[in-house]
Structure formats: C-alpha cells, structure tokens
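Since the structure comes first, as structure tokens, the remarks are kept for the end.
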Amino acid sequence: MKDPLPITPFSAPVKGSVELPGSKSITNRALILAALCRDPVTLRGALFSRDTEIMVKALRSLGFKVNTSEKAKTIRVEGRGGMIPEATAEINVGNAGTAARFLPAALCLKKRGHYTLDGDEAMRHRPMKGLLDALRRLGAEIEFKGRPDHFPFVLHTHGLPGGTVEVDASASSQILSAMMMAAAWAKGHLETHRTGLVISEPFVRMTAKLIPRFNRGFVPDIDAPGFDQFFHVEPDATAASYFVALPIAAQGAAPGYAIQGLGENTDLQGDIGFLTVAQAVGLHVAKKAYHTEIAPGTAYHGVTQNFNPFSDTFLTLAAIAPLLEGPTHITGIAHTRKQETDRIHAMVTELKKLGQGVEEFEDGLTIIPNLKKLRTLAAKGVKAKKLLSIETYEDHRVAMSFGILGCHDLLGTGKPWLQIQNPACCGKTFPNFFEVLEDLRKQSKSRTK
C-alpha cells in the first residue's frame, strides 16, 4: 500500500455490498472469556488485526493453547476454567486498549503470579489508574517502572477474593469491563461497584451479555468437559459507519446497496447507534434480518449529536461534515482525548487544514462547513502536484474517516485530491479497509457500463 495513499473518488453511485470484518471489541472480549471458560471454544467470524494478534500472542505466552485460521476466520481457545497456566510472563500490549485493560484484571486470578507488562509510547500515556486501584484493593501489588499508574509495570498477583470493590471507570469503560470479566471467575462472589460517570455504557452492556455465555457454558445440559463450543462474532458496527456514510461522499447509492451481517440480529454493539445519526443527516436506512440497506436522501444536513454512547463513530461524521448543509455539533466525547491519540484535537487540526471552520471544546467540536474553500484548496494542491494530505496520528479511525471524505469527486474530474498518510495504521482493526473501499469503487464504476 502506497504511503501516502491518494484516494480515488467515486464517479458513480455506490453499488454492490460490503462484507465487514468481525468486531474488535467482541473478538478481544471473547478471547479473554474463552481462555477462562472451562471448555474449548471456537470463535467464528473473528477479527484478524493488530489488536487481536496482540491478545492471541499474550494468551499463548500465558500458556493457553490458541489455534488460528485467518482464512476461515476462526480462533480456537482451550479454556482452563479460570486458571492462568503460567506464573510469569512478559507481555507487550502495544496500543491495544482492550488488551491493556482486560489482561491485568484476568492475570490477578493467578495465585503468586509475576507479570511484566508494557505498551508502546502512546499506551504509556493512556489512563490505567481506575483499574490498577481496584486491583490493589483486591490484593495485587504493582511495581511501576516509569510513571505511577501507567505502563510499564510488574504485576504481582495473589488471586481474586470475593467481596466488593469500587471501580472508577470514568476514563474508560474498558476498566469496568475488565473487572466484570475477572470477577466472574473470582474465588468467591465478587461485586464491582462503579464510581463516577461510566462512559460508553453500551460496551459495559456488551460485556454483561457476553459473560454468561462463557461463564455458565454454552449448552447448559452438557456437563462433559472437553466439549467444543462455538461463538459467532458480530461484524464490526464501528467499521460499518464508514460505509453507511459513503453515499454522502460518493455519487449517492443505487438500490440494493447493503452492508452485510449488520441487521436486526446485531444486538451486542452500541455503535449500531450511528445508523440513527445517518438518518438524521438525511440518509435512508433499512435494517433487515442480516443486512442493512443504505439509500441516498435528497439533502444532507449537519446535526447536533451526543456521541458518548458510540464515540468511536464521531470521527466518521466529523470527516464528512464539510459536505453537509449547516453546522455539525458533536458533544460527549471528552474521553476520546485519551485514546489512540487526542481524537478531538486531531480532527480539529485536520479539518482546519481543509479550510473548515472549527471550534474545539473540552468534550467535543463544532464544524462550520466551507465546501467552496475546500474545493479551492484541493484545486491548488492538484495544480501544484501536492495533494491535500491527512496526518493520521497512528490512529486507524482518523485514516478511515478521511478516506471516506476523499471518495467525494470534489473537482469533478474523478481524480484524487486527498491523500492519507500512513494508511497501514488501519491494521489495528481493519487491515484491508482501503482495498475494500477501492474494490467497491471499481464495482460501482463497472456496473454503470
């Protein structure tokens, strides 16, 4: 993949359908839960990406048997009934937030364990205090090698007793999810009491729905150990947001344009809420049993939206806001400043480079579209053979969101006017995103002939 990657606009309405990768949030939760489960579990439709590879590698280093087949999209984990096989291990979580929060909590199930954990430079700045405070209250000892309450550290574990523990998940819902999953396999009944405002509540509900599937067994009337169970991973609802928004940037959408696997049967992911935002903007959305059809509207308007329940998708709306009529107000996303990057500031910076009026607030931003200014800047860039360029800050969602904006035939030539720096950062959750986008563009173009 070229770096930077020029985005070729769509010169025809979007046609065909999109197959989405499995949900990262579900895959990494299911991997932890499968490892704690009594019996072997095979995940079907699992995501294969940088974040899930980090989790698989960590589980293997802890002594769990994990067999993967990327071609079949399956991962088989031999559960150990709440036991952590290895008492020592060195684990690097990279910049995977799910691995960073879920693993330390699960490791505390081990009596007399000693684990060295670290992450990349960005992860060393991400919030961990709420989780580590809760683990310390339950008897864990933590030896920090750098800043207190941040990676890297050595975790000395003594098992998880029963009782109650207060958990401050105001910085990340993953902290509460981590404690909930570990508590289900504690020595005694362990209750987690949340303190403060819990952000991204739908992800907590996702965890609560998943735990009984693994903790109580998939088939209650079968008690024989070693019986393989199967779990289907839903397609990624966050990734779906890009293809939901695509008709706004492209030349509309032809009848039958569909996002496969995402429909009325999708009930675990809060990011499905982006569909309501798309409808408010002006798209027509029809959820079927196993897919969702997207049709263009007659006009697209900016909206005011609190994105707290599905904050990963705010970037999708922000990136296409220059194409909407009227301002777009996005709130409820202060916590995204401490994710892969400061996502609010990143979007503000890049939109200003594109000539848009942007106001930045602690918990959001307002975008005043200026399509004329964007077109002028793009034309100058093409003339100078220097396309407008998006810095992605090593953040996959910045890359994919602006990739959709680049699909707009802004200059009416069908040629690129926008390029994406470091497109490979999409490997975190959607390694072939730009290939899928390009294939869809070619399908749409060919079917008009």
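Please treat every number below as a calculation from the coordinates, not as lab data. What you see is a predicted model; the values in this text were computed from it and never measured. Reconstructed Cβ throughout: ideal geometry from the backbone, glycine too, with neighbour counts over all protein chains shown.
Starting with the fewest neighbours, write out MET179, MET83 ranked by other beta-carbon atoms found within 10 Å of each beta-carbon.
Lowest to highest Cβ neighbour count: MET83, MET179.
Run through segment 348-429 and list the GluC sites (Glu not before Pro) located in a DSSP loop whose Cβ has at most 12 other Cβ atoms within 10 Å.
Hits after loop and neighbour filter: GLU362.
Tell me which residues come under 5 Å, amide H to amide H, from LEU418 once H is placed; ignore anything under 5 positions away on its chain.
Those qualifying (amide H under 5 Å, at least 5 residues apart or on another chain) are ILE7.
What is the ratio of the Cα radius of gyration of segment 311-441 to 2.2 N^0.38 Å, where N is its residue count, to two decimals?
1.01
Output wanted: per-residue J couplings in Hz (rounded whole) for segment 52-64, from phi through Karplus 6.51 cos²θ - 1.76 cosθ + 1.60, θ = phi - 60°, x for Gly and Pro.
Computed from phi, the couplings for segment 52-64 are 6, 5, 4, 5, 4, 4, 5, 4, 5, 5, 8, x, 7 Hz.
Grab the DSSP H runs of the chain that are 4 residues or longer, score each as -39,500 (n - 2.57), total them, divide by all residues and round the 222 nm result to the nearest 500 deg cm²/dmol.
After summing the helix terms and dividing by the residues of the chain, the value is -10000 deg cm²/dmol.
Count neighbours as other Cβ atoms within 10 Å of each site's Cβ, and list the GluC sites (Glu not before Pro) in segment 83-148 that are DSSP loop with at most 16 such neighbours.
The qualifying sites are GLU86, GLU121.
What is the order of ARG76, ARG441, ARG112, fewest Cβ neighbours within 10 Å to most?
ARG112, ARG76, ARG441
Determine, for ILE390, ILE294, the number of other Cβ atoms within 10 Å of each Cβ, and report the residues in order from fewest to most.
ILE294, ILE390
Provide the percentage of antiparallel DSSP beta bridges, counting only those with both residues in the chain; round to the nearest 5. Walk me through the numbers before you get to the answer.
Details: 37 of 63 bridges.
DSSP beta bridges in the chain are roughly 60 percent antiparallel.
Give the percent of DSSP beta bridges with both residues in segment 60-189 that are antiparallel, rounded to the nearest 5.
Roughly 75 percent of the DSSP beta bridges within segment 60-189 come out antiparallel.
So, counting K/R as plus one and D/E as minus one, what does the shell of residues with Cβ under 11 Å around GLY270 add up to?
Net charge around GLY270: -3.
When we measure straight from the Cα of LYS383, which lysines land under 18 angstrom away, once same-chain ones fewer than 8 places off are left out?
Leaving aside lysines fewer than 8 places away in the same chain, those within reach of LYS383 are LYS353, LYS372, LYS373, LYS415.
Can you tally the net charge around LYS2? Count Lys and Arg as +1, Asp and Glu as -1, for every other residue whose Cβ sits under 14 Å from the Cβ of LYS2.
With Lys, Arg at +1 and Asp, Glu at -1, the neighbours total -3.
Return the lysines within reach of LYS129: Cα separation strictly under 28 angstrom, same-chain partners fewer than 8 residues apart disregarded; answer none if there are no such residues.
Candidates past the 8-residue exclusion: LYS24, LYS57, LYS110, LYS111, LYS145, LYS187, LYS209, LYS338, LYS428.
As an exercise, find the ratio Rg/Rh for segment 24-220 from alpha-carbon atoms, using the Kirkwood inverse-distance average for Rh.
0.93
Along segment 82-94, what does the Karplus equation 6.51 cos²θ - 1.76 cosθ + 1.60 (θ = phi - 60°) give for ³J(HN,Hα), rounded to whole Hz, x for Gly and Pro?
x, 9, 9, x, 8, 8, 9, 5, 10, 10, 10, 8, x
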